[in-house]
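I have placed the structure first, in the form of structure tokens, so that the comments after it can refer back to it.
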Amino acid sequence: MRTRVGIIGAGPAGLLLALLLRRSGIDAVVLERRSRSHCESRVRAGVLEQGTADTLAAAGAGERMLAEGHVHQGIELRFGGAGHRIAFEDLVPGRAITVYGQQEVVKDLIAANLAAGVEIRFEADDVAVHGIDGAPHLTFGGERLDCDFIAGCDGFHGVSRASVPPERLRVFAKTYPFAWLGVLADVAPSAAELIYAASERGFSLHSMRSDRVSRFYLQVPPETRPEDWTHEAIWAELKARHETVPGFTLRTGPVRAVDVAAMRSFVVEPMRFGRLFLAGDAAHIVPPTGAKGLNLAVADVRVLARALEDHYRSGDDAGLDAYSAACLRRVWRVQHFSAWMTSLLHAFGPQENGEAGFDRRLQRARLEGVVRSRAQATVLAENYVGLPYEDT
Ligand SMILES: Cc1cc2nc3c(=O)[nH]c(=O)nc-3n(C[C@H](O)[C@H](O)[C@H](O)COP(=O)(O)OP(=O)(O)OC[C@H]3O[C@@H](n4cnc5c(N)ncnc54)[C@H](O)[C@@H]3O)c2cc1C
């Protein structure tokens, strides 16, 4: 087989790249290890930045998102017995977030790619990367795919980054002393917007996937397993962390799924190795507090698609040469925001005396600053709805 761009991974990054290239008349083939139904049912992120929603719509994969997604004009920070709304419509007019599950984004992207004639090989076994400095090709399940470029969009545990000799990359990483217990429940959201609750018991997030499905997260110890928590214990803890303002009652209902997500920050530099380009989680991981993982994958892919278009249209490789630096500028700003939100909202130590108590009081002062200073609230809002793209 031969194509121009061999893409590893049918997550948001790989699928969007294939679609954008297709729209520009550039052939690509996507190799995905898992089945189509597995990819379409993985519950992960659900907050789309303004630019992500616009990009999906412009690529022709936004029809259902525009009909079924919910546009939110703000989020609530809840601490100290009160809720404080960060109002996007006031602070960053014209920009908002769309709440729409990642599995729905993936379904829409797969459908749009197949309708446009893109070949996606699901259940491709043993994908391996070869010839990144000369004649790039991928092997899988006894077959061979020759290509001009390889896009490694295969997530944090994929093969593309692992196929780069270690001396050619630099890794920057940080792990947090807690994890998130994710809970998907068949119950209507208890509020119209997301609630980031910083309580003495730890952080908790009230989110949603639709009018009938809520998504929650609880800060838990890092070694936690989903089976450690009964459904009763989950609801009791969610109530304890959210019912901290007068008149708020958390709705409860059947729990559909419980998962645990590690909290880590990770960046690999550079993001290009010869003819191999890394994009999305293959190159970087953010803690989910800022809701940025999927959005950052989309931002990378926009840069890569445009650079490949320039290469094929006019032989101009300036975009390809600048790819890594252009992506990393945004990656590090988003890393900063995600780490900042994480440190702002999670419980890191006791409330009492001493150094840990001192740090908790500083944390509270930072929160007060965000909700009492328009300038600080604007910084949060403009990062949350998504930084402008450099290419627009
Ligand atoms: C468990 C989990 C929960 C998350 N929850 C949230 C959340 O609540 N909020 C949030 O904002 N973000 C969340 N994220 C982050 C967000 O989902 C990711 O940032 C986003 O999926 C990145 O998209 P991607 O396309 O780069 O990678 P992925 O979505 O990981 O896609 C990579 C694809 O490559 C495939 N693949 C991997 N290895 C191979 C191989 N060897 N050969 C072929 N194919 C391969 C995988 O099967 C997958 O389909 C979560 C991530 C994880 C892993």
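The values are calculated or read from the model by the stated rules, or taken from the named source; none is laboratory data. A quick note: this is a predicted structure, and the numbers were derived from the prediction, not measured. Note that we place each Cβ from the backbone using ideal geometry, even for glycine, and neighbour counts take in every protein chain shown.
Would you mind stating whether residue 206 is in contact with a strand residue (DSSP E or B) (Cβ under 8 Å, 6 or more places away or on another chain) and either of a type in the set (Gly, Ala, Ser) or surrounded by fewer than 22 Cβ atoms within 10 Å (Cβ to Cβ) (or both)?
no
Those residues that are in a loop (DSSP other than H, G, I, E, B) and either under 25 Å from residue 148 (Cα atoms) or among the aromatic types (Phe, Trp, Tyr) (or both), I need them from the range 97-130; list them, please.
Correct list: 100, 116, 117, 118, 122, 123, 124, 125, 126, 127.
Go through the range 100-139 and count every residue that is in contact with a strand residue (DSSP E or B) (Cβ under 6 Å, 6 or more places away or on another chain), surrounded by fewer than 21 Cβ atoms within 10 Å (Cβ to Cβ) and closer than 23 Å to residue 61 by Cα.
Matching residues across the range 100-139 total 2.
When the residues of the range 140-192 are filtered to those that are more than 16 Å from the ligand (Cβ to nearest atom) and either surrounded by 20 or more Cβ atoms within 10 Å (Cβ to Cβ) or of a type in the set (Val, Ile, Thr) (or both), which remaining residue is farthest from residue 3 (Cα to Cα)?
Selected residue: 187.
For residue 356, state whether it is under 30 Å from residue 79 (Cα atoms) and of a type outside the set (Phe, Trp, Tyr).
Answer is yes for this residue.
For the range 10-43, which positions are more than 15 Å from the chain's Cα centre (by Cα) and among the small types (Gly, Ala, Ser)?
18, 24, 25, 28, 35, 37, 41
For the range 306-330, how many residues meet the condition of being closer than 30 Å to residue 261 by Cα and surrounded by 24 or more Cβ atoms within 10 Å (Cβ to Cβ)?
The qualifying residues number 1.
Within 21 Å of residue 346 (Cβ to Cβ) and under 23 Å from the mean Cα position of the chain (by Cα): is that true of residue 169 in this structure?
In short, no.
Is there a residue being touching a residue at least 40 places away in the same chain (Cβ under 8 Å) and on the phi > 0 side of the Ramachandran plot anywhere in the range 287-307?
yes
Identify, from the list 200, 223, the residue that is modelled with pLDDT under 95 and farther than 30 Å from residue 67 by Cα.
200
List the number of the failed condition for residue 70; all other conditions in (1) surrounded by fewer than 20 Cβ atoms within 10 Å (Cβ to Cβ); (2) within 25 Å of residue 205 (Cβ to Cβ); (3) more than 18 Å from the chain's Cα centre (by Cα); (4) not acidic (Asp, Glu) hold.
Just one mismatch for residue 70, condition (3).
Here is a check on your reading of the model: is residue 62 touching a residue at least 40 places away in the same chain (Cβ under 8 Å), buried (at least 22 other Cβ atoms within 10 Å of the Cβ) and not basic (Lys, Arg)?
yes
Sort out which residues of the range 272-281 are away from the ligand (no atom under 12 Å from the Cβ) and either outside the structural domain of residue 167 (by TED's automatic domain parsing) or of a type in the set (A, V, I, L, M, F, W, C) (or both), and write them in order of number.
If the condition is that a residue be away from the ligand (no atom under 12 Å from the Cβ) and either outside the structural domain of residue 167 (by TED's automatic domain parsing) or of a type in the set (A, V, I, L, M, F, W, C) (or both), then 273, 276, 277 are the ones that fit.
Collect the residues in the range 201-223 that are charged (D, E, K, R) and closer than 15 Å to residue 236 by Cα, keeping them in residue-number order.
Correct list: 201 only.
Confirm whether residue 91 is surrounded by 17 or more Cβ atoms within 10 Å (Cβ to Cβ) and either among the basic types (Lys, Arg) or more than 16 Å from the ligand (Cβ to nearest atom) (or both).
Judged against the criteria, residue 91 is a match.
In the range 234-254, what count of residues is obtained for those that are of a type in the set (A, V, I, L, M), surrounded by fewer than 19 Cβ atoms within 10 Å (Cβ to Cβ) and not in a helix (DSSP H, G or I)?
Residues in the range 234-254 being of a type in the set (A, V, I, L, M), surrounded by fewer than 19 Cβ atoms within 10 Å (Cβ to Cβ) and not in a helix (DSSP H, G or I): 1 in total.
Can residue 92 be described as assigned by TED's automatic domain parsing to the domain that holds residue 57, in contact with a helix residue (DSSP H, G or I) (Cβ under 7 Å, 6 or more places away or on another chain) and in contact (Cβ under 8 Å) with a residue 60 or more places away in the chain?
no
I'd like the full set of residues that are assigned to a helix (DSSP H, G or I), touching a Phe, Trp or Tyr at 6+ places or on another chain (Cβ under 8 Å) and touching a residue at least 24 places away in the same chain (Cβ under 8 Å), limited to the range 342-362.
Scanning the range 342-362 gives 342, 345.
If you take the residues of the range 1-54 that are of a type in the set (Val, Ile, Thr) and within 14 Å of the ligand (Cβ to nearest atom), which of them is farthest from residue 117 (Cα to Cα)?
Result: 47.
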